[in-house]
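J.: Provided herewith is a single structure, encoded as structure tokens, for subsequent inquiry.
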Amino acid sequence: SKMATKSMANLFIDDTSSEVLDELYRVTKEYTRNRKESQKIIKNLIKMVVKLGVLYRNNQFNSEELILA
């Protein structure tokens, strides 16, 4: 959880992904009508995106897993 800071996320998330996450935050905030809950959801999503990015960059996925993506 310590790695889920803005600076660490910026290392692994490109501009397009960042824009998508910003839009997802806006939509989530509108849907839940709860800022804190929306931030928690997006924080967990960012953690997942960063972890997947690290795994992908280190070639940790086999061909079957890449096909699913």
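Here, each number is a calculation from the coordinates, and none is a lab measurement. Everything quoted here is computed from the prediction, not taken from an experiment. When we count neighbours, we look across all protein chains shown, and the Cβ atoms used for this are built from the backbone with ideal geometry, even at glycine.
J.: How tilted is helix 15-32 with respect to the longest principal axis of the chain? Cα atoms for both, answer in degrees (0 to 90, nearest 10).
T.: 40 degrees
J.: Give me the Kirkwood hydrodynamic radius of the chain in Å, from all C-alpha pairs, to one decimal place? List each step's numbers first, then the result.
T.: Values: mean 1/r = 0.0762 Å⁻¹.
About 13.1 Å, per the Kirkwood formula over Cα pairs.
J.: For the chain, what is the mean residue ellipticity at 222 nm derived from helices alone (per DSSP H run of n ≥ 4: -39500 (n - 2.57); sum divided by total residues; nearest 500 deg cm²/dmol)?
T.: -25000 deg cm²/dmol
J.: Grab the beta carbon distance between Asn59 and Val20, set R0 = 35 Å, and tell me the FRET efficiency rounded to 0.05.
T.: On the way: r = 24 Å, r/R0 = 0.69.
Calculated value: 0.90.
J.: Taking 8 Å as the Cα distance limit and 6 or more residues as the minimum spacing, I'd like the relative contact order of region 6-68 as a percentage.
T.: Numbers: 20 pairs, mean separation 23.2, N = 63.
Relative contact order of region 6-68: 37 percent.
J.: May I ask for the angle, rounded to the nearest 10°, between helix 35-57 and the longest principal axis of the chain, with both axes built from Cα atoms and the value confined to 0 to 90°?
T.: Approximately 10 degrees, to the nearest ten.
J.: Something else now. Going by how many other Cβ atoms sit within 10 Å of their own, how do Thr28, Thr16 line up, fewest first? Intermediate values should be presented prior to the final figure.
T.: On the way: Thr28 18, Thr16 8.
Lowest count first: Thr16, Thr28.
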